[in-house]
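The values are calculated or read from the model by the stated rules, or taken from the named source; none is laboratory data. Please read these numbers as outputs of a predicted model, since none were measured by experiment. Cβ coordinates were reconstructed from backbone atoms using ideal geometry, including for glycine residues, and neighbour counts include every protein chain displayed. Heavy atoms of the whole protein, side chains included, go into the accessibility calculation; ligands, DNA and RNA do not. Shrake-Rupley method; radii C 1.70, N 1.55, O 1.52, S 1.80 Å.
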Amino acid sequence: MDQKQITDLIQQMTLEEKVAQLLQLTADLHEGTQDQSQITGPMEEMGITGEMVRASGSVLGLSGASSIIDLQQEYMKNSRLGIPLLFMADVIHGFKTIFPIPLAIGCSWDLQLAEKSAEIAARESAAAGIHVTFSPMVDLVRDPRWGRVMETTGEDPYLNSLFARAFVRGYQGSNLSEDKERLAACVKHFAAYGAPEGGRDYNTVNMSERQLRETYLPAYKAALDEGCEMIMASFNTVDGIPASGNEKLMRGVLRDEWNFDGVLISDWASVREMVAHGAAEDDCEAAYRAIRAGVDIEMMTPCYVQHLPELIQSGRVSEALIDEAVLRILQLKNKLGLFEDPLRGADPARESEVLFCAQHREAAYDLAVKSSVLLKNNGVLPLDPEADIALIGPYAGQEDILGWWACVGVKEDAVQLGSAMQERLHGKLTIAEGCGIDTMTPDQLQKAVDAARKADVIVLALGEAADMSGEGGSRTDIKLPKAQLELVKEIRKLGKPVAAVLFNGRPLDLHGVLDEADAVLEAWFPGSEGGAAIADLLIGKANPSGRLAMSFPQSVGQVPVYYNTYNTGRPMDPSKTDERYVSKYLDSPNEPLLPFGFGLSYSDFTYGELSLTSHEMSAEQPLKVSVTVTNTGTRTGIETVQLYIRDITGEVVRPLRELKGFEQIKLEPGESRTVTFTVSEEMLRYYHSDLSYSSDPGRFHVFVGPNSRDTLQGSFELV
Ligand code: GLC
């Protein structure tokens, strides 16, 4: 349809039909709504009538080509004006083929593979009838207590922005109308949901507007600049007002400043939750604040359908606001070609052909290899395939390695580490769980110790359960569960080489593991091919190349800890630990246990001298920074060369370093490569106290290295 046909269509709609387009329900609530007597339970409580359901605009959480075809056809039969349903779902890191969790993907620093994972997720879910995915989630995080850090790509605005763009490109492709195997993406959760006080999910977010713009908003903006079709409001307050009713954020920034004219959807019940927040007297006020803020779709609560008609009749809300929301929704349906073809990509034959196909699982394997991070290795890895090995720990068994938000992935389909090692090792492999996630029996322990005694090398497979992170999964204790720390200690007493593999959804306090084991490989939740990828990394068939996208703290007491901090007026000099009146702890170093950007490899990379084309630059005259990197090891490996910049003095204080570029290079043994970065004036801009965004002349340091800590340093002046 063209624009005029859409606006004509809106003219024909009754007010109730318009308002119902703004309602999104789960599919089960659509069943049996042919007559009012069927409206029971939550629907009745919500006061939603059968005709509201039949006129509602979209469905969340349903997938399966035949189910969607049936519902759409049923719906179209009853739709007076032939307006099709939109089907949306949480396809976060894969649909049936599950990729590593996004925090792991963030550690791959591989934007092409990230884009490919989104494209594959789109192809699978589009065949299963889905039109929109509630992804990418780009909330910047600095607090590993929060359960949803697993869903982000980490603590850096620049890296998050690049991944946001890559995921949007992968989901949407270049022509959403033509390519039925793609999805509309929905960037979330706008805004700053990843900064809840205490790392407690849904908790208050408090920060200056400048901090919000400098650190938290860039990745949402990047997704929208990449053409993301939809955005989701977050549960939290932003400067005291819940995002779902925050006119300054939604009308001011999103619509007026950023000119975003796509669909804004609430989060699950986040419109009605304004009442609980204390930002609305009742559902009617919640509807009033949300529609004025420009929330187009209300997810799973009835404030709009119940109260917008009366708000319009009373004149408190102009019908133009409803028309605006309906127009955005119909435009999205039109862009997806649903008026011409309400079934779009839903295709049972294609569904059974593409879901979990070998080619997709290969991509999941590749990404799992690249997302794993080698945190320590004093030589025990890679394993000798001829050695007798004991695989011990809860993840030696059948724990879920898909992680939270695994869509329709089947955890039993995932390749487990034990079976993958069985296939790959020629020596004797003994498997003993030793303990559960956080339970241990004497018999379990004894069997594990016996197995370990007979082995040359021990691999400990440890971690959090999949549901110890994710939504509603915040923890105040971010260590491994006690039973597992106990297991490490007991196994360590045997004095044999120990390599630990970690399956977890957040940076952990690794005391008791990193100091005890001879090697530690961070596997995160590696997805459908996780066991195969980890086994290949352990035996050296693959070479670890992941780099941490989020700092690992010394302890939860240090949180929030992140690399791009300010210096303070009393920075601690690590060489003078006896100084008292400096910014320090009495009982912990200031540095994280493992810094942002950190990761080891089976290769050794050495950096030559840092060279700058000049020590002065201007907007017209950028400068170049080069370094030659050599693989002095014996194996081909991938190095992620990182560029950081520090603005020594600003009108507001500036971070000690900020990631401004990186390049992944693959080097054969003995091979050297010169990596060159261009430093532009745009890179040096920041938000001043008056929120103007510009660079200032002055001194800068530039850092290049394998992570945010161990870097070469140069300096230059912006004139
Ligand atoms: C959940 C999540 C959001 C998800 C939505 C629909 O509460 O906060 O990320 O997309 O509801 O499932």
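In the set (1) out of contact with any strand residue (DSSP E or B) (no Cβ under 8 Å at 6 or more places or on another chain); (2) within 24 Å of GLN11 (Cβ to Cβ); (3) open to solvent by 20 Å² or more (accessible area, probe 1.4 Å), the condition left unmet by LYS335 is number (1).
Filter the range 223-236 down to the residues that are within 16 Å of the ligand (Cβ to nearest atom) and open to solvent by 20 Å² or more (accessible area, probe 1.4 Å) and list them by number.
GLU229 - this is the single residue of the range 223-236 that is within 16 Å of the ligand (Cβ to nearest atom) and open to solvent by 20 Å² or more (accessible area, probe 1.4 Å).
Exactly one residue among TYR220, TYR202 is within 16 Å of the ligand (Cβ to nearest atom) and in a helix (DSSP H, G or I), and that residue is TYR220.
Residues that are touching a residue at least 12 places away in the same chain (Cβ under 8 Å), of a type in the set (Val, Ile, Thr) and assigned to a loop (DSSP other than H, G, I, E, B) occur in the range 114-137; there is at least one. Of all residues in the range 478-499, at least one satisfies being of a type in the set (S, T, N, Q) and in contact (Cβ under 8 Å) with a residue 60 or more places away in the chain.
I'd like to know if the range 315-323 contains one or more residues that are buried (at least 21 other Cβ atoms within 10 Å of the Cβ) and either closer than 28 Å to ALA219 by Cα or more than 16 Å from the ligand (Cβ to nearest atom) (or both). Checking the range 315-323: at least one residue is buried (at least 21 other Cβ atoms within 10 Å of the Cβ) and either closer than 28 Å to ALA219 by Cα or more than 16 Å from the ligand (Cβ to nearest atom) (or both).
Total residues in the range 664-703 satisfying the condition of being open to solvent by 70 Å² or more (accessible area, probe 1.4 Å) and either closer than 30 Å to THR634 by Cβ or not polar (S, T, N, Q) (or both): the figure is 10. Contact map, the range 390-404: first residue polar (S, T, N, Q), second residue modelled with pLDDT of 95 or more, Cβ cut-off under 8 Å, separation 6 or more or different chains; pairs are GLN398/GLU412; GLN398/GLN416. Taking into account only those residues within the range 143-158 that are away from the ligand (no atom under 13 Å from the Cβ) and surrounded by 24 or more Cβ atoms within 10 Å (Cβ to Cβ), which is nearest to VAL561 (Cα to Cα)? Only one residue fits best here, namely ASP143.
Checking the stated criteria, ILE69 turns out not to satisfy the condition of being away from the ligand (no atom under 16 Å from the Cβ) and in contact with a His (Cβ under 6 Å, 6 or more places away or on another chain). Picking from residues in the range 342-391 that are farther than 12 Å from GLU124 by Cβ and among the charged types (D, E, K, R), the one that is surrounded by the fewest Cβ atoms within 10 Å (Cβ to Cβ) is GLU386.
The condition (being closer than 26 Å to LEU381 by Cβ, touching a residue at least 12 places away in the same chain (Cβ under 8 Å) and within 16 Å of the ligand (Cβ to nearest atom)) is satisfied by just one residue among SER474, SER469: SER469.
Scanning the range 225-253 for residues that are in contact with a Leu (Cβ under 8 Å, 6 or more places away or on another chain) and closer than 18 Å to PHE163 by Cα yields GLU229, MET230, ILE231, MET232.
Could you list, in sequence order, the residues of the range 486-513 that are more than 22 Å from ILE389 (Cα to Cα), more than 16 Å from the ligand (Cβ to nearest atom) and either modelled with pLDDT under 95 or open to solvent by less than 10 Å² (accessible area, probe 1.4 Å) (or both)? Answer for the range 486-513, where residues must be more than 22 Å from ILE389 (Cα to Cα), more than 16 Å from the ligand (Cβ to nearest atom) and either modelled with pLDDT under 95 or open to solvent by less than 10 Å² (accessible area, probe 1.4 Å) (or both): ASN504, ARG506, PRO507, LEU508, LEU510. Against the criterion of being in the same structural domain as ILE265 (by TED's automatic domain parsing) and modelled with pLDDT under 95, SER125 does not qualify. From the list ALA455, ALA451, ALA483, ALA465, the lone residue that is closer than 12 Å to TYR395 by Cβ and either over 30 Å from the mean Cα position of the chain (by Cα) or surrounded by 15 or more Cβ atoms within 10 Å (Cβ to Cβ) (or both) is ALA465. For the range 247-270, state whether one or more residues are open to solvent by less than 50 Å² (accessible area, probe 1.4 Å), farther than 24 Å from GLN172 by Cα and within 16 Å of the ligand (Cβ to nearest atom). Yes, because at least one residue in the range 247-270 is open to solvent by less than 50 Å² (accessible area, probe 1.4 Å), farther than 24 Å from GLN172 by Cα and within 16 Å of the ligand (Cβ to nearest atom). Looking across the range 572-599, just one residue is farther than 17 Å from VAL561 by Cα and buried (at least 17 other Cβ atoms within 10 Å of the Cβ), and that is GLY599.
One residue alone among GLY278, GLY345, GLY337, GLY294 is more than 16 Å from the ligand (Cβ to nearest atom) and free of Cβ contacts under 8 Å to residues at least 40 places away in the same chain, and that residue is GLY278.
Among the residues that make up the range 162-177, is at least one of them modelled with pLDDT under 95, surrounded by fewer than 24 Cβ atoms within 10 Å (Cβ to Cβ) and in the same structural domain as GLU285 (by TED's automatic domain parsing)? There is at least one residue in the range 162-177 that is modelled with pLDDT under 95, surrounded by fewer than 24 Cβ atoms within 10 Å (Cβ to Cβ) and in the same structural domain as GLU285 (by TED's automatic domain parsing). Screening the candidates LEU29, LEU113 for the property of being open to solvent by 10 Å² or more (accessible area, probe 1.4 Å) and within 16 Å of the ligand (Cβ to nearest atom) yields one hit, LEU29. The residue of the range 396-417 that is nearest to the chain's Cα centre (by Cα), among those that are over 23 Å from LEU62 (Cα atoms) and crowded, with 20+ Cβ neighbours inside 10 Å, is ILE401. Of all the listed residues (ILE130, ILE98), the sole one being β-branched (Val, Ile, Thr), buried (at least 24 other Cβ atoms within 10 Å of the Cβ) and within 16 Å of the ligand (Cβ to nearest atom) is ILE130.
Has the range 699-707 got at least one residue that is aromatic (Phe, Trp, Tyr) and farther than 29 Å from PRO544 by Cβ? The answer is yes; a qualifying residue exists.
Taken over the range 350-387, the residue count meeting the criterion of being closer than 15 Å to LEU600 by Cβ, among the hydrophobic types (A, V, I, L, M, F, W, C) and in contact with a strand residue (DSSP E or B) (Cβ under 7 Å, 6 or more places away or on another chain) is 5.
Are any residues in the range 42-66 surrounded by 15 or more Cβ atoms within 10 Å (Cβ to Cβ), of a type in the set (Ser, Thr, Tyr) and more than 16 Å from the ligand (Cβ to nearest atom), and if so, which ones? Scanning the range 42-66 gives a single hit, THR49.
Would you point out the residue of the range 178-199, among those that are of a type in the set (D, E, K, R) and open to solvent by 20 Å² or more (accessible area, probe 1.4 Å), that is farthest from the ligand (Cβ to nearest atom)? Among them, the one singled out is GLU178. Can we say PHE87 is within 16 Å of the ligand (Cβ to nearest atom), buried (at least 24 other Cβ atoms within 10 Å of the Cβ) and closer than 22 Å to ASP296 by Cβ? Spelling it out, PHE87 is indeed within 16 Å of the ligand (Cβ to nearest atom), buried (at least 24 other Cβ atoms within 10 Å of the Cβ) and closer than 22 Å to ASP296 by Cβ.
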